[in-house]
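The values are calculated or read from the model by the stated rules, or taken from the named source; none is laboratory data. The structure presented is a predicted model; accordingly, all values stated were derived computationally and were not measured. Methodologically, a virtual Cβ is constructed for each residue, glycine included, from the backbone with ideal geometry; neighbour enumeration extends over all protein chains shown. Surface accessibility is based on the protein's heavy atoms, side chains included, excluding ligands, DNA and RNA. Shrake-Rupley method; radii C 1.70, N 1.55, O 1.52, S 1.80 Å.
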Amino acid sequence: MSKNKNTIALMAAVLVAMVTYGTAAVMFNNLLTPWWMPTGWAFSLSVLSFVLMPGLFRIVTDSGNRWINGAVHSAVITGVFLCSITLINRIGIDSRPNETVETQIVRTYQTTHYTTRRISRNTYVKGSPYQMYHVVVQFPGGKEKNITVSRSTYTRLSRKRHIEVTLIRGLLGMEIIKGI
């Protein structure tokens with residue numbers, strides 16, 4: 001196999017992993033399910049797929065070593081399955097009934113982040129600050145969830161003790177926070 005094809009295959013695998021893990025991370029913000037459940041399912045499916053297709057990533061690694069191929073296969077395919085699980089869970093949520101739950105506000109807080117500013121080629125410095133607003137709510141079952149909210153919602157909720165959160169059950173049974 002030529003070196004260029006291996007490099008292109010490696011770049012494609014890294015890009016697929018970045019996109020799928022990024023999409024899954026965005027979807028996890030609104031999930032009430034613990035992170036380890038979908039991740040465990042995705043990892044189990046990736047191990048099963050490696051048993052069924054052990055040579056799938058041989059072009060990427062350019063190696064016949066089963067351990068190296070298995071590690072790359074698990075890293076990339078776990079992201080693909082994790083993204084698939086979170087997206088499948090969101091199928092048809094508009095047609096499902098909503099459930100409104102009274103939650104307790106544990107705390108409200110804000111964090112300061114900084115933009116980056118380019119001053120010359122390959123030189124970046126810390127730019128202007130901006131605020132992110134968060135609310136930690138506790139659901140009736142004892143689960144706590146950190147929710148990022150807008151500034152207006154933050155000022156409205158900073159004086160309250162209880163809020164109503166709209167939940168909806170996804171296709172795979174994982175609860176999704178639809179709104180505050």
Within region 14-32, is there a residue that is open to solvent by 70 Å² or more (accessible area, probe 1.4 Å), among the hydroxyl-bearing types (Ser, Thr, Tyr) and modelled with pLDDT of 90 or more? yes
Please go through (1) closer than 30 Å to Ile91 by Cα; (2) free of Cβ contacts under 8 Å to residues at least 24 places away in the same chain for Leu172 and return the number of the only condition it doesn't satisfy. (2)
Can you tell me which residue in region 164-177 is surrounded by the fewest Cβ atoms within 10 Å (Cβ to Cβ), limited to those that are touching a strand residue (DSSP E or B) at 6+ places or on another chain (Cβ under 6 Å) and over 11 Å from Leu32 (Cβ atoms)? Glu164
Conditions (1) over 20 Å from Arg169 (Cα atoms); (2) part of a helix (DSSP H, G or I); (3) among the hydrophobic types (A, V, I, L, M, F, W, C) -> Ala24 fails only (1)
Which listed residue, of Thr61, Thr111, is polar (S, T, N, Q) and at pLDDT 90 or above: Thr111
If we keep only residues of region 1-25 that are polar (S, T, N, Q) and touching a helix residue (DSSP H, G or I) at 6+ places or on another chain (Cβ under 7 Å), then the residue farthest from Thr39 (Cα to Cα) is Asn6
Just to check your reading of the model, which residue among Val80, Val76, Val51, Val60 is assigned to a helix (DSSP H, G or I), without any contact (Cβ under 8 Å) to a residue 12 or more places away in the chain and of a type in the set (A, V, I, L, M)? Val51
Matching residues in region 64-106 - criterion: being basic (Lys, Arg) and under 23 Å from the mean Cα position of the chain (by Cα): Arg90, Arg96
Just wondering, is there one or more residues in region 53-63 that are of a type in the set (Asp, Glu), over 14 Å from the mean Cα position of the chain (by Cα), open to solvent by 50 Å² or more (accessible area, probe 1.4 Å) and within 28 Å of Tyr154 (Cα to Cα)? no
So the strands (runs of 3 or more DSSP E) completely within region 86-161 holding 2 or more residues that are exposed (fewer than 11 other Cβ atoms within 10 Å of the Cβ), touching a helix residue (DSSP H, G or I) at 6+ places or on another chain (Cβ under 9 Å) and at positive phi are none
Can Leu48 be described as more than 26 Å from Lys3 (Cα to Cα) and not β-branched (Val, Ile, Thr)? yes
